[in-house]
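Notes follow the structure.
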Amino acid sequence: MNILHISAECFPIAKVGGLADVVGALPNYQKELGTNSNVVIPFFNNRFNQEHTFEVIFTGNLQLGETSYGFRILKLLNSTLGFDLFCVDITELLYTEYVYSNDDTERFLAFQIATLDWLLTLKEKPDILHTHDHHTGLIPFMISQSFRYKTLKEIPTVLTIHNAQYQGWFSHEKTFLIPSFDKKNIGLLDWDGSINPLACAIKCAWSVTTVSPSYMEELKLNANGLEALLSHESDKCVGIINGIDWNVWDPERDPKLIKNFSKTTVVSGKKANKKWLCEKFNLDKNKPLFCFIGRLVGEKGADLFFDIFKKSLKENTISILLLGSGHKETEQQLATLNSHADYNSFIGYDETLAHIIYAGADFLLMPSRVEPCGLNQMYALRYGTTPIVNSIGGLKDTVIDIEDGGYGICHDGVSIDKVTAAISKAALFYTDKKRFQKNSRSILSIDYSWSHSAKEYVQLYKSLKL
C-alpha cells in the first residue's frame, strides 16, 4: 500500500510546531508495518534544503487563475529520513525563509495544485492521500470535484486535524483560483460565508482524524465555528493519539544530552543534565527545577506565566526555567523576572537545549488551554520528567494524576491559583525522594511511541480500500 503524506511541515526539513514532528516520524513507523509511506512538502529557502542535494524528477506549469507558474518536483538524495521526501519548488511563491505568513492563500493553493498535477503523470498512483491541516485541505475537494483531476477521484483521502483553530479562510472572490469544477457544488467550499479549506476537507475527505480521542470530542463543543460540522460528520471521524519517535527521543542514545541514562541510571543521568542547566542559567541545583518549553501564547496559558511564576516562587522553594518565544508583551513581562535568583529564561528556541531540559528538569509545565495532542508531555515522560498538565485534549489522554494511581500532576482549568496549586503539589511530591525517584524510573518505560498509533492509521487506510 502506497501512502503519500501531504503537509506544510516535516521534521527535520521545515518545522514550526508539532505537525512537523508527526509528519517526520509517522511514515517510518508505517513502513515497519509494510506500507510504503512517503512525504511531499513545499521547498523552502532554509538551511536543510541548502545543505542537501535534490534531483529534479518532474517539471511543469500550473495555472493559478490567470497566472501561470513553473514548478519542479524535487526528490531528496542520499536521504537518511527512512522515507522518500518530495518537495514542490515554486520559486515565486514557496521559496521563502518562512513557512507561514499573514496571507498564504496563493502559496498553499499553488502547492496543492502542483502536487495533484504531478500525481496525474504517475503511472503508479498512491493508494491513499493523507492530508494534514488546512494547508492541504483543498486536495480532497479538488480530486473529487475539479474536472482536471477526475482520474484521481477514486483515491481515498484522509484529513488529520492537528489544530482546528487555524482554518485557512479566504474570500469567495478567489474561487477562480481553484481548478474548474461544477459550480452547483460550491457549497462544499463554503462555511459561514467564506471559503474554508479545513471545513471543506472535513466535508470531502473519506475519513477525518484528530490527534487524540479527547480532542475529537472537544471539537464537537469548541472548534472555532466548526462544531456543528464535526458533529454532523462524526461517523467518519476518529481520534488517534499522536506518538513520538523513540529513535530520536531516547535518553540512552540521545547525542544532545550532557549524560545519557537508562531506567537503571535515571537518577544520576538526570542529575548530571540538571547540574549543567543550573550552572548555565545560574539556578540552584538542589531545588526542584520546573521548566516550560513552547510558544508564549494564550493557548499555552502563557499570558498568566508572570503571575503564576511570581506567586509560585514566593510560596515554594523551587527554580523555574523557560525556553520559548511568542507574544512580545509576554516576553517583556517575563524579562522582569530575570532578576529573581530562582528564575531564568532563553527567549527563542534551541533544539539541543530543549533535549537537555527534558532530561534535566524535574517537572515540565503544560498549563495549556488548547492542546489537541501535545508531544512535550510525552518527551518529558520518555526522559523521566514529571509533567504538570491541564486535563484537556491529548494531555487528558496521556497523563494520569499521581493521586489516581498515575504519574503526573493534573489540574482542571487554567488560572493563576489552579496552576500555582499544581506547582505547590509537585514541590511537595519532590520532597518525598523515594517516591519521586521511583516515579522517574517508571515513567521512562511508558510507551507513547508511534508503534501503536501507526497501526491504527494503517487499519484505517485498509478499511478505506475495501
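The values are calculated or read from the model by the stated rules, or taken from the named source; none is laboratory data. The structure displayed is predicted, hence computed values, not measured ones. Cβ atoms come from the backbone with ideal geometry, glycine included; neighbour counts cover every protein chain shown.
Structure values in brief
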item	result
Failed item in (1) at pLDDT 95 or above; (2) surrounded by fewer than 24 Cβ atoms within 10 Å (Cβ to Cβ), with VAL16 passing the rest	(1)
Residues of region 26-58 classified as more than 22 Å from ASP133 (Cα to Cα), assigned to a strand (DSSP E or B) and either without any contact (Cβ under 8 Å) to a residue 40 or more places away in the chain or not aromatic (Phe, Trp, Tyr) (or both), total	4
Among residues of region 312-326, those that are farther than 20 Å from GLU299 by Cβ and either modelled with pLDDT under 95 or not hydrophobic (A, V, I, L, M, F, W, C) (or both), counted	6
Looking only at region 153-193, and only at residues there that are surrounded by 15 or more Cβ atoms within 10 Å (Cβ to Cβ) and of a type in the set (Gly, Ala, Ser), the one that is farthest from PRO372 (Cα to Cα)	GLY168
Test: residue in region 109-122 that is of a type in the set (A, V, I, L, M), assigned by TED's automatic domain parsing to the domain that holds LYS153, in contact (Cβ under 8 Å) with a residue 12 or more places away in the chain and out of contact with any Leu (no Cβ under 8 Å at 6 or more places or on another chain)	no
Subset tally (residues that are assigned to a helix (DSSP H, G or I) and either acidic (Asp, Glu) or under 22 Å from the mean Cα position of the chain (by Cα) (or both)) for region 404-426	2
Long-range neighbours under 6 Å by Cβ, at least six apart or interchain, first residue in contact (Cβ under 8 Å) with a residue 12 or more places away in the chain and assigned to a strand (DSSP E or B) within region 59-85, second among the charged types (D, E, K, R) and surrounded by 15 or more Cβ atoms within 10 Å (Cβ to Cβ)	THR59/ARG72; GLY60/ASP117; LEU62/ASP117; ARG72/ASP89; LEU74/ASP89
Selection within region 302-323 - surrounded by fewer than 23 Cβ atoms within 10 Å (Cβ to Cβ) and not hydroxyl-bearing (Ser, Thr, Tyr)	ASP303, LEU304, PHE306, ASP307, LYS310, LYS311, LEU313, LYS314, GLU315, ASN316, LEU323
Any hit, region 367-379, residues being among the aliphatic types (A, V, I, L, M), modelled with pLDDT of 95 or more, outside the structural domain of GLU217 (by TED's automatic domain parsing) and farther than 20 Å from SER268 by Cα	yes
Total residues in region 447-457, condition surrounded by 15 or more Cβ atoms within 10 Å (Cβ to Cβ) and not in a helix (DSSP H, G or I)	2
Selection status of VAL297, surrounded by 15 or more Cβ atoms within 10 Å (Cβ to Cβ), touching a strand residue (DSSP E or B) at 6+ places or on another chain (Cβ under 9 Å) and either hydrophobic (A, V, I, L, M, F, W, C) or not assigned by TED's automatic domain parsing to the domain that holds LEU395 (or both)	yes
Test for ASN247: is it among the polar types (S, T, N, Q), buried (at least 16 other Cβ atoms within 10 Å of the Cβ) and either touching a Lys or Arg at 6+ places or on another chain (Cβ under 9 Å) or closer than 27 Å to GLU351 by Cβ (or both)	no
Given (1) closer than 18 Å to ILE241 by Cβ; (2) assigned to a loop (DSSP other than H, G, I, E, B), number of the condition VAL16 does not satisfy	(1)
Candidates THR157, THR175, filtered to the one that is modelled with pLDDT of 95 or more, of a type in the set (Val, Ile, Thr) and under 25 Å from the mean Cα position of the chain (by Cα)	THR157
Residues of region 167-195 satisfying the condition of being part of a loop (DSSP other than H, G, I, E, B) and free of Cβ contacts under 8 Å to residues at least 40 places away in the same chain	TRP169, SER171, SER180, ASP182, ASP192, GLY193
Candidates HIS52, HIS135, filtered to the one that is surrounded by 21 or more Cβ atoms within 10 Å (Cβ to Cβ) and either of a type outside the set (A, V, I, L, M) or modelled with pLDDT of 95 or more (or both)	HIS135
Among the residues listed as PHE281, PHE261, PHE309, the single one being closer than 19 Å to ILE409 by Cβ and of a type in the set (Phe, Trp, Tyr)	PHE309
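To keep it simple, each residue is scored yes or no on (1) surrounded by 15 or more Cβ atoms within 10 Å (Cβ to Cβ); (2) under 18 Å from the mean Cα position of the chain (by Cα); (3) under 27 Å from ASN260 (Cα atoms).
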site	(1), (2), (3)
GLY393	yes, yes, no
ASP397	yes, yes, no
ILE402	yes, no, yes
LEU428	no, no, no
ASP432	no, no, yes
ARG435	no, no, yes
GLN459	no, no, no
